[in-house]
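Here, each number is a calculation from the coordinates, and none is a lab measurement. Note that this is a predicted model, so its numbers are computed, not measured. FYI the Cβ positions are ideal-geometry reconstructions off the backbone, even for glycines, and counts take in every protein chain you see.
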Amino acid sequence: MSREPTTQESLQAINNKTLGTSAGSFPVVKLPSGETIPTGTVGALLVNIRAYDAAAAAGDAGAQDTLEAAIRAAVPVLHKVGMFDLFGPDEWASETSRGRSLVGEIAKGEAR
């Protein structure tokens, strides 16, 4: 009987697929709060934002949907590490990057 992957395991799989790395390439770290998060999330997010922008420019809604799911999975980790304390959700809005704006929109919806 197989179990469903945890959110952390799912995000690790997304990060590895996005960055072309194998499972276990990026360690899981413990934050001062005691929460654990997978590393590689910010790097994978940057790659996914670029890919989302390219898919939007090409009108590829299917790719945008897939990439939105990957971006959405990263946002809780960005909250945990304080990314939105450094750059608030409104600062992610961009006229030139639909992917970057998407991050801000998701972050607003998942505000702590």
Inset, instruction - Mind putting a number on the dipole of the chain about its Cα centre? Charges go on the C-beta only, +1 for Lys and Arg and -1 for Asp and Glu, and I need it in Debye to the nearest 20. - result: 300 debye
Legend entry - Among Ala58, Gln12, Val77 the positive-end extreme of the charge dipole of the chain (Cβ point charges): Gln12
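Take each complete run of DSSP H in the chain, measure how far its Cα atoms stretch along the helix's own axis, and keep only those covering 20 Å or more with mean Kyte-Doolittle hydropathy at least 1.0; list them. Write out the running numbers ahead of the final one.
Numbers: long enough: 41-58 (25 Å, 1.07); 61-80 (29 Å, 0.33).
Those that clear 20 Å and a mean of 1.0 are 41-58.
Per DSSP H run of n ≥ 4, the term is -39500 (n - 2.57); total these for the chain, divide by its residue number, and report the mean residue ellipticity at 222 nm rounded to 500 deg cm²/dmol.
On the way: 5 runs with 67 residues, N = 112.
Calculated mean residue ellipticity at 222 nm is -19000 deg cm²/dmol.
Below 8 Å, C-alpha to C-alpha, sequence gap of six or more: please give me the relative contact order for the chain in percent. The partial results should precede the final answer.
Details: 112 pairs, mean separation 23.0, N = 112.
Answer for the chain is 21 percent.
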Inset, instruction - Under 14 Å from the Cβ of Thr41, count the other residues' Cβ atoms, weight Lys and Arg +1, Asp and Glu -1, and hand me the total. - result: +1
Inset, instruction - Sum up the charges of everything whose Cβ sits under 9 Å from the Cβ of Ile106, counting Lys and Arg as +1 and Asp and Glu as -1, but leave Ile106 out. - result: -1
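First check a/c for the chain, with a ≥ b ≥ c the square roots of the eigenvalues of its C-alpha gyration tensor; if it is under 1.5, answer rounded, and if not, answer prolate when a/b is larger than b/c or oblate otherwise. Before the final figure, lay out each step's value.
Working: a/c = 1.94, a/b = 1.23, b/c = 1.57.
Because a/c hits 1.5 or more and a/b fails to exceed b/c, the chain counts as oblate.
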